[in-house]
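Enquirer: Next up is a structure, given as structure tokens.
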Amino acid sequence: MRRPEPVQIIKSRRDAALARLVHDVPYIGFLGIQFDRRGDELTAVLPFDPKLIGNPMLPALHGGVTAAFLEVTAIIELSWSLLWEEMEGGNPNPDHPPRLPKTIDFTVDYLRAGLPRDAYARARVNRSGRRYASVHVEAWQDNRQRLYAQATGHFLMPPAPGEPAE
């Protein structure tokens with residue numbers, strides 16, 4: 001009988017896999033988006049930076065930044081769910097993170113102005129099949145119950161390893 005791996009090794013492997021996944025998208029670094037991982041749950045964090053302000057008169061976060069934050073959160077959550085299944089299924093491939101899903105459509109609801117402060121987002125995968133996935137994302141700042149934006153996206157899933165690309 002094989003002994004279970006120590007918790008720190010498992011945690012380190014999961015953190016490294018998430019870091020590689022996020023590192024593969026330069027725009028995430030440009031915006032400064034970070035991901036806080038607790039088990040399989042991810043919370044995206046958009047630390048405030050003055051370059052993110054769209055309307056300096058209010059001031060308010062740029063709508064494009066909000067949309068990008070939500071879309072990045074959805075894509076990373078969807079990719080993380082695939083990667084998580086691989087890691088937990090005993091088939092991790094640490095050298096090759098999964099190819100990212102491609103956006104089919106992405107609809108954002110701006111519920112209130114994004115204030116000049118940190119923002120947070122969580123995504124929920126509603127449906128994920130071989131070819132298609134649907135994801136809902138919610139973003140807030142100070143109070144999780146007071147969303148400032150939400151979005152729904154539909155994504156084309158990348159082919160599985162060994163499956164020909166279309």
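Enquirer: Which one is modelled with the highest pLDDT, of the residues in the range 125-143 that are touching a strand residue (DSSP E or B) at 6+ places or on another chain (Cβ under 8 Å) and not in a strand (DSSP E or B)?
Expert: GLN141
Enquirer: Follow-up. List the residue pairs whose Cβ atoms are under 9 Å apart, where the first residue sits in the range 7-34 and is free of Cβ contacts under 8 Å to residues at least 12 places away in the same chain, the second is in a helix (DSSP H, G or I) and crowded, with 16+ Cβ neighbours inside 10 Å, and the two are 6 or more positions apart or on different chains.
Expert: The qualifying pairs are ILE10/MET87; GLY29/VAL22.
Enquirer: Quick one: in the range 22-46, which of the residues that are hydrophobic (A, V, I, L, M, F, W, C) and assigned to a loop (DSSP other than H, G, I, E, B) is nearest to LEU70 (Cα to Cα)?
Expert: ILE33
Enquirer: Can you list residue pairs whose Cβ atoms sit under 8 Å apart, with the first residue in the range 98-111 being more than 13 Å from GLY153 (Cβ to Cβ) and aliphatic (A, V, I, L, M) and the second being assigned to a strand (DSSP E or B) and at pLDDT 95 or above? Count only pairs 6 or more apart in sequence or on different chains.
Expert: Short answer, once both residue conditions are applied: LEU111/LEU147; LEU111/TYR148; LEU111/ALA149; LEU111/GLN150.
Enquirer: List pairs: first residue in the range 48-71 and in a helix (DSSP H, G or I), second residue of a type in the set (Ser, Thr, Tyr) anywhere in the structure, Cβ distance under 8 angstrom, at least six positions apart or on different chains.
Expert: GLY63/TYR110; THR66/TYR110; THR66/TYR148; ALA68/TYR27; GLU71/THR103
Enquirer: Continuing with this model, one more query. PRO4 - would you say it is under 22 Å from ALA139 (Cβ atoms), exposed (fewer than 15 other Cβ atoms within 10 Å of the Cβ) and not charged (D, E, K, R)?
Expert: No.
Enquirer: Count, please, the residues in the range 102-117 that happen to be touching a helix residue (DSSP H, G or I) at 6+ places or on another chain (Cβ under 8 Å) and among the hydroxyl-bearing types (Ser, Thr, Tyr).
Expert: Total satisfying the criteria: 2.
Enquirer: Being in contact with a Leu (Cβ under 8 Å, 6 or more places away or on another chain) and either surrounded by fewer than 16 Cβ atoms within 10 Å (Cβ to Cβ) or of a type in the set (Gly, Ala, Ser) (or both) is the filter here; which residues of the range 125-141 pass it?
Expert: Passing the criteria: SER128, ARG131, TYR132, ALA133, ALA139.
This table checks each residue for (1) at pLDDT below 95; (2) crowded, with 16+ Cβ neighbours inside 10 Å; (3) out of contact with any Leu (no Cβ under 7 Å at 6 or more places or on another chain).
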{"residue": "TRP84", "(1), (2), (3)": "yes, yes, yes"}
{"residue": "PRO97", "(1), (2), (3)": "yes, yes, no"}
{"residue": "LEU100", "(1), (2), (3)": "yes, yes, yes"}
{"residue": "ASP105", "(1), (2), (3)": "no, no, yes"}
{"residue": "ALA123", "(1), (2), (3)": "no, yes, yes"}
{"residue": "GLN145", "(1), (2), (3)": "no, no, yes"}
{"residue": "TYR148", "(1), (2), (3)": "no, yes, no"}
{"residue": "ALA165", "(1), (2), (3)": "yes, no, yes"}
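Enquirer: Could I ask something else about it? Does THR152 count as under 17 Å from LEU31 (Cβ atoms), at pLDDT 90 or above, surrounded by 12 or more Cβ atoms within 10 Å (Cβ to Cβ) and of a type in the set (S, T, N, Q)?
Expert: It is false that THR152 is under 17 Å from LEU31 (Cβ atoms), at pLDDT 90 or above, surrounded by 12 or more Cβ atoms within 10 Å (Cβ to Cβ) and of a type in the set (S, T, N, Q).
The values are calculated or read from the model by the stated rules, or taken from the named source; none is laboratory data. On a predicted model such as this, the values are computed, not experimentally measured, just so you know. No Cβ is skipped: glycine too gets one built from the backbone with ideal geometry, and neighbour counts run over all protein chains shown.
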